[in-house]
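A short write-up of the structure that comes next.
The values are calculated or read from the model by the stated rules, or taken from the named source; none is laboratory data. Computed from a predicted model, the values in this text were never measured in an experiment. Virtual Cβ from ideal backbone geometry, glycine too; neighbours counted across all protein chains shown.
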Amino acid sequence: MTLLRRYGTLLALALIVAVFAVASPGAFGTVANLVNITQQMSLLAIVAIGATLVMVVGEFDLSVSAVVSFAGIAAVSLFGAGHGIAAVFALVVIAALAMGTVSGFLVARFAVPSFIATLAFGTVIGGLTFWISDGATLFSGIPPAFRDLGRGTVLGLPVPTLWLIGTAVIAWLLLDATEFGRRLYAIGGNREAARLVGLPVRRDMIIAFALSAGLAALAGLLLAARLGSAHPTGGGGYLLSAYAAVFLGMTAFREGEPSVPGTLVGAAIIAVVSNGLTILGVPSFLQDLMTGAIILAAVLVRQLGRAGD
Amino acid sequence: MTLLRRYGTLLALALIVAVFAVASPGAFGTVANLVNITQQMSLLAIVAIGATLVMVVGEFDLSVSAVVSFAGIAAVSLFGAGHGIAAVFALVVIAALAMGTVSGFLVARFAVPSFIATLAFGTVIGGLTFWISDGATLFSGIPPAFRDLGRGTVLGLPVPTLWLIGTAVIAWLLLDATEFGRRLYAIGGNREAARLVGLPVRRDMIIAFALSAGLAALAGLLLAARLGSAHPTGGGGYLLSAYAAVFLGMTAFREGEPSVPGTLVGAAIIAVVSNGLTILGVPSFLQDLMTGAIILAAVLVRQLGRAGD
Amino acid sequence: MTNAGEGRQPFLVLAGVSRHFGATRALDGADLEIAPGEVHALVGENGAGKSTLIKLLSGLHQPGGGAILVDGAAASIAGPLAAEALGFRFIHQELNLVPQFDTVGNAWIGRRHPHRGPFIDRAAMRARVAAVAARIAPDLPLDRPAARLTPGQRQMAEIVRALMTDARLVVMDEPTSSLSEAEAEAERLHAVVRQLSVSGTAVLFISHRLDEVMALADGYTVLRGGRTVGAGRVKDIDRAGLVRLMSGGPASAETLPKAARLAPSGDIALSANIAFGPAGSHAVIEIGAGEIVGLYGLVGAGRSALLKALWGALPVVGTIRLAGRPLAGGPAGRIAQGAVYVPEDRRREGFAGALSIADNLALAHLSDFRRIPRLPLPARGQIHAFARDVGTRLRLVAASLDSSPLTLSGGNQQKLLFGRWLGRPIRLALIDEPTRGVDVGAKAEIHGEIRRIAASGAAVIAATSDIEELMALADRVLVMNGGRIVADLAGAVLTREAVVAAAFGHAPRSHPPQPNRAAAVA
Amino acid sequence: DIAVLTPYQSSVATNQMIKVFEEKAKTAGWNATVVDTRGDMGQLASRIEDVTAAKVGAIVLVSVDPKQIQDQVSAAAAAGIPVVAIDGATAPGVMLNVTSDNFELGTKLSDFLFDKLGHKGNIVKFYYSAHPGVHQRELALDAALKTNPDIKVIAEHYMVVPGPIDDARKTTEDLLKSKGDQIDAVWAAWDEPAIGAQLAIEADKPDSKIIVAGIDGNPQAVELIKSCSHIKGTVSQDFDAMAGLAADGLTKILAGEKPEKAELYAPAKLITPETLGVTCP
Ligand SMILES: Nc1ncnc2c1ncn2[C@@H]1O[C@H](COP(=O)(O)OP(=O)(O)OP(=O)(O)O)[C@@H](O)[C@H]1O
Ligand SMILES: Nc1ncnc2c1ncn2[C@@H]1O[C@H](COP(=O)(O)OP(=O)(O)OP(=O)(O)O)[C@@H](O)[C@H]1O
Ligand SMILES: [Mg+2]
Ligand SMILES: [Mg+2]
């Protein structure tokens, strides 16, 4: 029972994988497919890790999807303007950090609820993205070397997976093993107390928002690299899924707090379910039904384990 | 300054209306157009009022958009099966109330975070909607009398506006003038305290979720009536806008509490801005930019008024 | 008394400071002087402005007027960091821990953590905290999240936090209000205060326990209505003198003698035989109509858990009967049967910040305030009339009954929890820390109300950490330890010494609890 | 097993193509499953990887430009899985693309409207450049505008998807308020915005002479044409033919043959009140 309570959602993930592997040993259960899932979940997980940082301080960043779209469009246009890969990467990430800083500033300085601040600011970013792209999908001028940042394998692991591993390790250490991370959790747990002991609440919150936007931009760049094109609303699908991953993760470990390992479990559940259901050839509408039901079950498993408390 | 603090967002709405009226006296500033705006905001506002009820108890209902889509599709299919208008209305609303009850039960009984519970359950509802509609837009067999529930005017006011007025008045009385409303605010303010003074916390939360789904279904029915067709993802656009309205409204009255008048102001700001910008002929991308900026300004006005505290 | 600070020059002087919140003059010309190594008591009625004064020192609020002088120079304390830099440490009245952090984590927030390489060193963090905790609170669980500590344990965690580093001034806003006065807890804190004083650290101490003040402090300052109305050496004043200064009138009878009340009738009103809460907790209780039973124990002994269990807010196994009828249906069912409950943690369990003071008072029985009895529409007028009545009976100091309870001072918040049950028939009262943080005057009122409730034939159980209160109020005392009732003291054997001894687990058990034969004992 | 993948299943046109293809698949004895990614290209790429891993018999992409997911398409082709596109484009790895020429659809629509207006007047444009096919129609309009200097675009609106009907309706309501007297026609890049525009005109300016036209031959639009609404035309893509051609092509491919051409065009025809045999006042 304690096991169920502490690791319920993780057990649910294991169970889901096991069920699919039995149902489809030849396709789902292969090492190649499991490795591929890590690649498929990587962009979502990177966005979700960014969202996790902001959730840790108790806020929402709803501009992540706008930043994902922006990063792809901005990158392809910059390539069109003749810039090199390193320059494009740097420019786009810096622009995103600046955007995150603005969101963070609005929330931390003016106490605007983050939900509305980032939603509105995301709309602004969306407008900017449309302006740059003229609303069209951009294809041309992407250097192959850039595309390789989002595809192929290195040492047998897909490149996006490697990006994810890097991001996750850094974010995890940042949150769990540094003073900055402790401060973020303290701010999220009791902002008043954090203020009372003189933590730099505003500065840390702004940094969290900036990092969230930076990671969304990274995901956007990798998405453009992976697809070889950039779509002005290409990040739209990431918003709710990223938060689904974070919230699933919150039920996975610790006392219902957002955490990097939790978010990874959450993103993995989402990725495994859609991969597995597609491989099993489940029709679309049933996929939705089952995805929703499986996520609910994954959360409930843990809550049932807690019922004894 | 106090005025700015207490009614900042309302003043912002007035200011926005004034600016548009000056910029376009002949088109925006006419009575006909202002009346038309009330019609354009009505469905969004109805959904947002439902979301407000759930926000009052401190939770999110992210399944509202799925319920909007479901209601339209279910209604048109039921018409196809030969049912009458009253029966269809009743069946769809009852189905939605049942769905809301399930969400509410998951949240109140199992303490599943509402964000993930309603997101997942919304996915299930989406799957159901796809199943019923086979993914197609449905339009045949809608009786004209049903369509009249979503269009035309009565006593000079557009029919959707009348629905909105009715909904808003009832919801407002419910929240502000009944014991139920008092209990909801108490639950939202401090759930543990509410439980300890013997309030029926679970039951009230479940009712709030059920009402939210019921109102979303009403909006979905009116949308189908208004468009003469139902689209399996027709409610998709309502989710974020509804919460934008609620959060805008939270900065409008009371001390940051969700409220019906606040949500109306929020929905009005959203509707006025999009109407005004379209009438002024502002290009699409600039519309996004400006919508975001205006909403941010509307929230900031009030927060600036508070800066003195 | 340490006599430290005697004759030394004050290093901290507040001269005529004021601070207004809208129309409320929380501070209106307050003076305060503290010398190095002095233990200084700040006393005053609820709402006198004590906590507000502390907040000026900690940089949370800025003074609206007057001056703060440190070492003779005007200092502006811009924020918590500035206060920390001056060497000031604070234990605020409303506890401020991060709920999901354990004691170790909480102790380190805002401090430079020990590092190993680029990462924080958890072992070193724990070792430092354990060293500090060993002095003050050896029983405090260091690895349990604050959210799952009892209020008393949380208070200790705060104290540990404040004493982690050396300081010039340690400010404690009612640090002992949920600590038992038995040697282990409040006493241990007192010892620490004396140690600090000897090592030259000044201590500014706020408490409504005047005996504690008399025993511990060197100097005192009395605030009334935001103004300093008296200051001096404690050895030059007596308890009655302090009360006179605080209330501005004669030292009225603080508490009525027990004899002023009718003897309990002897009918059994409440009988319970339950297992509840943390594993191993078990209680057999019988209480007569009109009887006031005190519940005593050390921090974490299980008093609150027992009361919650009786209130139906915790899962229980066993039977609870009120006047022979089983109590059921959770808190709502108990209210319907005439039971009431006052929680101990006012912030987390007490009231809803979103509602006004008046609405919070009416919350537990909204249906009593209907315009038309059958329609669930609350009548604002009736709610306000009720709130006004409660306010006068308990001397509530509030700017307006329509404002949020969060704007009230700590003691006044406490009054709300009690006040919501006044004025209706009560058959069972479960009261957890009835007067935590309440000033002496209001304490007498609350005690009076409790007696009135008992006199009307109700069974009353009051858990308290204040042994003065326990002795003054209770006809019979149950002492808990480790989730069980270890002593049942009444009449001649009910002495302070017996109670304290029982709390530590080496008590002569007058009625050893025997769950199986509970019925026969009656 | 055949995997049918699309990002736009809930769009009327796409939905119709899929329906028809599913029927043809059934008669051919294939087991077709449809996967929809709700407009998300990244998801679509992942799902193609999945069905490739599942070693399906063939992949059919509907309403998506394979170039947007080139790597995954190439990988599928390399794994020996034939890839066929409907309403897509040719690309490496795609054995057959059956489509209507979107540029031609746009030209047909523009010419129809301009003829109706006598090559002089003001139009409102509803477009959606993010979809490469729909974008082609917009380019066709631009080309047609060059040769018709007297036609002016006095307002344009980038559609909100999902919810295009309601969006077009609201926008048209607003435009009728500000420019109602100047608008002569509404050019809709597909039928859903046209339906929205029609709803607004019917409610706010039922007597106006504004003409609305779109593309797709959406049944609701056809119905509205039949009932003499403001929608006067839609350029119908022959979805039956497209899905049929795709199914035939796939049959050949599965039998080991190569399709004669990598790209097949289904004819498009204009639907107007006249072609439907109704006379409107
Ligand atoms: N943030 C605030 N807004 C409005 N009024 C306030 C606020 N903080 C304090 N007050 C008011 O200022 C007065 C002094 O409060 P303060 O908390 O300093 O009292 P206190 O002496 O600490 O009382 P207690 O013994 O009950 O803790 C009270 O009347 C209180 O209602
Ligand atoms: N939520 C919880 N989870 C785990 N243990 C808990 C929880 N709440 C309380 N405890 C433990 O249960 C025991 C009894 O707690 P209780 O609150 O009843 O003590 P108490 O006698 O009221 O003490 P205090 O004087 O601190 O209020 C304590 O050891 C406490 O640490
Ligand atoms: Mg105080
Ligand atoms: Mg207790």
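Can you list the helices (runs of 4 or more DSSP H) lying wholly within the range B:175-249 that have 3 or more residues being free of Cβ contacts under 8 Å to residues at least 40 places away in the same chain and in contact with a Lys or Arg (Cβ under 9 Å, 6 or more places away or on another chain)? Qualifying helices (runs of 4 or more DSSP H): B:191-196.
For the range C:137-186, a residue qualifies if it is more than 15 Å from ligand 2 (Cβ to nearest atom) and of a type in the set (D, E, K, R), and the qualifying residues are C:R161, C:D166, C:R168, C:D173, C:E183.
Out of B:L44, B:L13, B:L34, B:L53, one residue alone is closer than 25 Å to D:L175 by Cβ, assigned to a helix (DSSP H, G or I) and away from every other protein chain (no Cβ under 13 Å). It is B:L13.
Condition check: of a type in the set (V, I, T) and farther than 17 Å from B:S65 by Cβ. Does B:V159 satisfy that? Answer is yes for this residue. Scanning the range D:26-35 turns up at least one residue that is surrounded by fewer than 24 Cβ atoms within 10 Å (Cβ to Cβ), away from chain A (no Cβ under 13 Å), under 17 Å from B:G135 (Cβ atoms) and of a type outside the set (D, E). Close contacts from the range C:39-58, counting a first residue that is within 13 Å of C:V397 (Cα to Cα) and a second that is within 16 Å of ligand 2 (Cβ to nearest atom) and in a loop (DSSP other than H, G, I, E, B), with Cβ to Cβ under 8 Å and a gap of 6+ residues or different chains, come to C:N46/C:G437.
Go over the candidates C:A146, C:A167, C:A137, C:A162 one by one and state the one that is among the aliphatic types (A, V, I, L, M), buried (at least 24 other Cβ atoms within 10 Å of the Cβ) and closer than 25 Å to C:E84 by Cβ.
C:A137
Only one of the numbered conditions (1) within 14 Å of chain A (Cβ to nearest Cβ); (2) in a helix (DSSP H, G or I); (3) within 16 Å of ligand 1 (Cβ to nearest atom) is not met by C:A82, and that is (3). Within the range C:430-461, the set of residues being part of a strand (DSSP E or B) and away from ligand 4 (no atom under 16 Å from the Cβ) comprises C:A459, C:V460.
For (1) in contact with a helix residue (DSSP H, G or I) (Cβ under 8 Å, 6 or more places away or on another chain); (2) away from every other protein chain (no Cβ under 11 Å); (3) within 16 Å of ligand 1 (Cβ to nearest atom); (4) modelled with pLDDT under 90, each residue gets a yes or a no:
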site	(1), (2), (3), (4)
C:S281	yes, yes, no, yes
C:A289	no, yes, no, yes
C:V293	no, yes, no, no
C:G318	no, yes, no, no
C:A339	yes, no, no, no
C:V342	yes, no, no, no
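With respect to D:A54, is the statement that it is surrounded by fewer than 23 Cβ atoms within 10 Å (Cβ to Cβ), within 12 Å of chain A (Cβ to nearest Cβ), more than 22 Å from A:T38 (Cβ to Cβ) and of a type in the set (A, V, I, L, M) true? No, not satisfied. Whenever a residue of the range C:138-160 is within 14 Å of chain A (Cβ to nearest Cβ), its partners that are among the β-branched types (V, I, T) and within 16 Å of ligand 3 (Cβ to nearest atom), lying with C-beta atoms within less than 6 angstrom and at least six residues away or across chains, give the pairs C:E158/C:I91. Taking (1) free of Cβ contacts under 8 Å to residues at least 40 places away in the same chain; (2) more than 7 Å from every other protein chain (Cβ to nearest Cβ) in turn, B:S284 satisfies each apart from (2). The helices (runs of 4 or more DSSP H) falling completely within the range C:283-390 that include 2 or more residues that are touching a residue at least 40 places away in the same chain (Cβ under 8 Å) and more than 14 Å from ligand 4 (Cβ to nearest atom) map to C:357-362. Within the option set B:A32, B:A51, being of a type in the set (A, V, I, L, M), farther than 16 Å from B:A95 by Cα and buried (at least 24 other Cβ atoms within 10 Å of the Cβ) holds for one residue only, B:A51.
Given the condition in a helix (DSSP H, G or I), at pLDDT below 95 and on the phi < 0 side of the Ramachandran plot, answer yes or no: does some residue in the range C:32-50 qualify?
yes
The single condition among (1) within 12 Å of chain D (Cβ to nearest Cβ); (2) buried (at least 16 other Cβ atoms within 10 Å of the Cβ); (3) not in a helix (DSSP H, G or I) that A:G72 does not meet is (3).
Per the conditions (1) outside any loop (DSSP other than H, G, I, E, B); (2) assigned by TED's automatic domain parsing to the domain that holds C:Y220; (3) closer than 23 Å to A:L196 by Cβ, the sole criterion not satisfied by C:V104 is (2).
For the range B:227-255, the tally of residues that are surrounded by fewer than 24 Cβ atoms within 10 Å (Cβ to Cβ), in contact with a Pro (Cβ under 8 Å, 6 or more places away or on another chain) and more than 7 Å from every other protein chain (Cβ to nearest Cβ) stands at 1. Every test in (1) more than 20 Å from A:V197 (Cβ to Cβ); (2) buried (at least 22 other Cβ atoms within 10 Å of the Cβ); (3) within 15 Å of ligand 2 (Cβ to nearest atom) is passed by C:S197 save one, and that test is (3). Does D:D40 satisfy the criteria of being at the interface with chain A (Cβ under 7 Å from one of its Cβ atoms), modelled with pLDDT under 90 and surrounded by 24 or more Cβ atoms within 10 Å (Cβ to Cβ)? Spelling it out, it is not the case that D:D40 is at the interface with chain A (Cβ under 7 Å from one of its Cβ atoms), modelled with pLDDT under 90 and surrounded by 24 or more Cβ atoms within 10 Å (Cβ to Cβ).
Looking at C:S456, C:S409, which one is of a type outside the set (F, W, Y) and within 16 Å of ligand 3 (Cβ to nearest atom)?
C:S409
The number of residues in the range A:253-270 that are among the aliphatic types (A, V, I, L, M) and within 16 Å of B:L119 (Cβ to Cβ) comes to 3. Looking for something touching a residue at least 60 places away in the same chain (Cβ under 8 Å), within 14 Å of chain B (Cβ to nearest Cβ), within 19 Å of the chain's Cα centre (by Cα) and more than 16 Å from ligand 3 (Cβ to nearest atom) - is there at least one such residue anywhere in the range C:432-452? Within the range C:432-452, one or more residues are touching a residue at least 60 places away in the same chain (Cβ under 8 Å), within 14 Å of chain B (Cβ to nearest Cβ), within 19 Å of the chain's Cα centre (by Cα) and more than 16 Å from ligand 3 (Cβ to nearest atom).
Answer with yes or no whether C:F88 is within 14 Å of chain A (Cβ to nearest Cβ), touching a residue at least 60 places away in the same chain (Cβ under 8 Å) and either buried (at least 20 other Cβ atoms within 10 Å of the Cβ) or in contact with a Leu (Cβ under 7 Å, 6 or more places away or on another chain) (or both). Considered against the rule, which asks whether it is within 14 Å of chain A (Cβ to nearest Cβ), touching a residue at least 60 places away in the same chain (Cβ under 8 Å) and either buried (at least 20 other Cβ atoms within 10 Å of the Cβ) or in contact with a Leu (Cβ under 7 Å, 6 or more places away or on another chain) (or both), C:F88 comes out as yes.
Would you check which residues across the range A:145-156 are among the aliphatic types (A, V, I, L, M) and surrounded by 15 or more Cβ atoms within 10 Å (Cβ to Cβ) and list them?
A:L149
Within the range C:51-58, can one find any residue that is surrounded by 16 or more Cβ atoms within 10 Å (Cβ to Cβ), among the small types (G, A, S) and within 15 Å of ligand 1 (Cβ to nearest atom)? The answer is yes, given that some residue of the range C:51-58 is surrounded by 16 or more Cβ atoms within 10 Å (Cβ to Cβ), among the small types (G, A, S) and within 15 Å of ligand 1 (Cβ to nearest atom). When C:V213, C:V192 are screened for being over 20 Å from C:R239 (Cβ atoms) and either out of contact with any Ser or Thr (no Cβ under 9 Å at 6 or more places or on another chain) or assigned to a helix (DSSP H, G or I) (or both), only C:V192 passes.
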